[in-house]
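Structure first, then comments.
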Amino acid sequence: MARKSRTKTPISEQAPEIRKTNFEEVCLGYTIEEGQAEAERCLQCKNAPCIASCPVMIDIPGFILAIKEGNMQEAADVLGKYTNLPAICGRVCPQEKQCEEVCKLGKAKNFEPVAIGKLERLVADWALENQDFSKNTSNDRAIIGKIAVIGSGPSGLTVAGDLAKLNYEVTIYEALHDAGGVLTYGIPEFRLPKRIVKKEIESIEALGVKIETNVVVGKTITMDEIMEEFDACYISVGAGAPNFMGIPGTSLNGVYSSSEYLTRINLMHSYEFPKYDTPIKKSQNVVVIGGGNVAMDAARSAKRMGAENVSIVYRRSLEELPARIEEYHHSVEEEIDYHWLTNPIEYVSNGSGELTGVKCIKMELGEPDASGRRRPIPIKGSEFIIEADTVIEAIGQGSNKVLLSTFPELALTKWGYIEADPKTGETSIPGVFAGGDIVTGAATVILAMGAGKVAAVQMDKYVQEQKKIPATTKV
Ligand code: FAD
Ligand code: SF4
């Protein structure tokens, strides 16, 4: 241990004063030499705890050893056995709460854990540059069955990739004009460049997966038609319907949901106006409500769109902030201000429908609530106004009813999500599987992928049983 560096190998980032004016990626990634230096820090533990805390059980010491030995192809092959989207996960997974949290090196006094996420990103980016994905599939494979996947987010892409590898003909139906789900329309370019998302999607298409965009299942085609044509289907439509505070003034001009604000920027490229003819309101004073990754993304995007003052209003304190700590630090460096222990109670206007401010009240923390976090309680008489011409509410999302309302046979939970067995992805209807945010509620990319992996195995079993053919290989 004595010869291991105590801290993670530093990684290059765009300087805050430059990056807050552009949408290019903040983190520039390791060079291979830097990656090898970081790989040297791994203890190559037996029964490595990092593997068990990864929702898709990546052989982390295995791919890190290959980096250390300078064998990037081997590292990419190891990763490829467990994940179809490593360049995405390397960038957006909350590693600090998963593999890195339990890393044995990080448990030693004054040692930081191995930078597992950044190493995953290094290998994945290398593979995207150097591997020929067109060789992923052969045309003469014997097709076992036909699978429909509804929704092209990380859960749908994962199930599709895994089933294509098992020789299924897979078609993904996507409502929007671009595939990727939140990876494409939600997470901004400066955290997850769309060229990376596109390349990883292309690598899944190269496995033989067909993606049909602009198809809203429930409207363009029905679930009955899908169940008629396919041997099994997987519903992964996410949780994209925004929640609202529902306070007075919500209908004023200048009040956005984070879904709308970020979709206009990411999917419709409003930050590239006039190259793309879809501008967004120019704002001076922006207030974002919420404390998760979505709030960070909205605030940092508003700054990059030219807003002078951007602040986040959060009803608890820094200690309870659900956003990734790295994103919080980045936001502070980019001069995003915070109003801790504060809640909005009304949006204020100039009398002609335009937003001019947010009336807030200060909060204090009381006893823990059902989530175990201390409940915020309003402090009487502490109201104040924050000047604002734009408000972005980022207080969570719920299930989208477009498909569900046309498929009443499917059992839902009391919160309106699909009831599915977490160990198999099976729903109340034979042959219909589900996973990702539409089952768990808004969660993470890697959990959505994990659900896809579990369901792929079970869907294979299901189709084989229906067709009475012997079970195949593992994914
Ligand atoms: P989604 O990614 O939501 O994809 C669902 C897809 O289904 C969408 O493309 C949608 O258009 C499509 N669809 C919906 N209805 C239909 C229909 N009727 N017919 C056809 N298609 C349909 N997680 C992290 O791990 N790290 C992060 O840093 C992070 N940041 C985030 C930032 C933002 C702004 C948001 C919104 C979420 C973030 N998350 C993050 C959460 C993560 O992105 C989600 O948990 C994950 O994308 C869920 O994947 P999914 O496949 O279940 O659904
Ligand atoms: Fe390496 Fe940490 Fe995993 Fe051990 S726990 S194998 S040190 S990454």
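The values are calculated or read from the model by the stated rules, or taken from the named source; none is laboratory data. For clarity, every value in this text was computed on a predicted model and none was experimentally measured. Every residue, glycine as well, gets a Cβ built from its backbone with ideal geometry; the counts of neighbours run over all protein chains shown. The protein model used for the area step is the full one, side chains on, heavy atoms only, and it has no ligands, DNA or RNA in it. Shrake-Rupley method; radii C 1.70, N 1.55, O 1.52, S 1.80 Å.
A few notes on this one:
- Sequence ranges 69-78, 408-417, ranked by mean other-Cβ count within 10 angstrom, highest first: 69-78, 408-417
- Close amide H pairs (under 5 Å, H built 1.01 Å from N) link T342 with Y314, R315, R316, M363, residues at least 5 positions away or on another chain.
- 3J(HN,Hα) from dihedral phi, segment 62-70, Karplus parametrisation 6.51/-1.76/1.60, rounded to Hz, x for glycine, proline: x, 6, 5, 4, 4, 4, 4, 7, x
- Largest first, the residues R373, R19 sort by 1.4 Å accessible area into R373, R19.
- Taking only the Cα atoms of segment 268-323, the ratio Rg/Rh comes out at 1.07, with Rh defined as the Kirkwood radius.
- For segment 81-134, the per residue solvent-accessible surface stands at 40 Å², with DNA, RNA and ligands left out and a 1.4 Å probe.
- Note that segment 153-162 has calculated 3J(HN,Hα) couplings of x, x, 5, x, 5, 5, 4, 5, x, 5 Hz, one per residue in order, obtained from phi through the Karplus relation 6.51 cos²θ - 1.76 cosθ + 1.60 (θ = phi - 60°); glycine and proline are x.
- The residues neighbouring E74, those whose beta-carbon lies less than 14 Å from its own, together hold a net charge of -1 under the Lys/Arg +1, Asp/Glu -1 convention.
- The apolar share of the surface of segment 343-413, taken as the fraction of accessible area on carbon and sulfur atoms (1.4 Å probe, ligands and nucleic acids excluded), comes to 52 percent.
- Each DSSP beta bridge with both residues in segment 250-360 is either parallel or antiparallel, and the antiparallel ones are about 35%.
- Efficiency of FRET from Cβ geometry, K146 and R373, R₀ 41 Å, rounded to 0.05: 0.35
- Solvent-accessible surface of segment 340-475, averaged per residue with a 1.4 angstrom probe and all protein chains in place: 52 square angstrom.
- Amide proton proximity set for I172, modelled H, under 5 Å, gap of 5+: V149, K210, I211, E212
- Restraint check, K146/K467; K81/K194; K20/K359; K46/K104; K68/K453, Cα-Cα greater than 20 Å: K81/K194; K20/K359; K68/K453
- The 3J(HN,Hα) values that the Karplus relation (6.51, -1.76, 1.60; θ = phi - 60°) gives for segment 360-367 are, in residue order, 10, 10, 6, 10, 10, 8, x, 6 Hz. Gly and Pro appear as x.
- Altogether, the Stokes-Einstein calculation at 20 °C and 1.002 mPa s, with the Kirkwood radius of segment 1-151 over Cα pairs as Rh, returns a diffusion coefficient of 127 µm²/s.
- Label-point separation in nm, E228 to Q284, each point 7 Å along Cα→Cβ: 5.9
- Derived from the Cα gyration tensor, the three semi-axes of the equivalent ellipsoid of the chain are 37, 30, 21 Å, largest first.
- Segment 164-236: Cα Rg divided by the 2.2 N^0.38 Å rule of thumb: 1.21
- Exposure of H177 as accessible area (Å², to 10), given a probe of 1.4 Å and all protein chains: 100
- Annotation: amide H of E393 within the under-5 Å range of Y256, S257, S258, I289, sequence separation 5 or more or interchain, hydrogens built in the peptide plane.
- Accessible-area value, R375, 1.4 Å probe, nucleic acids and ligands omitted, Å²: 130
- Ligands, DNA and RNA are left out, and with a 1.4 angstrom probe the accessible area of segment 259-322 is 40 Å² per residue.
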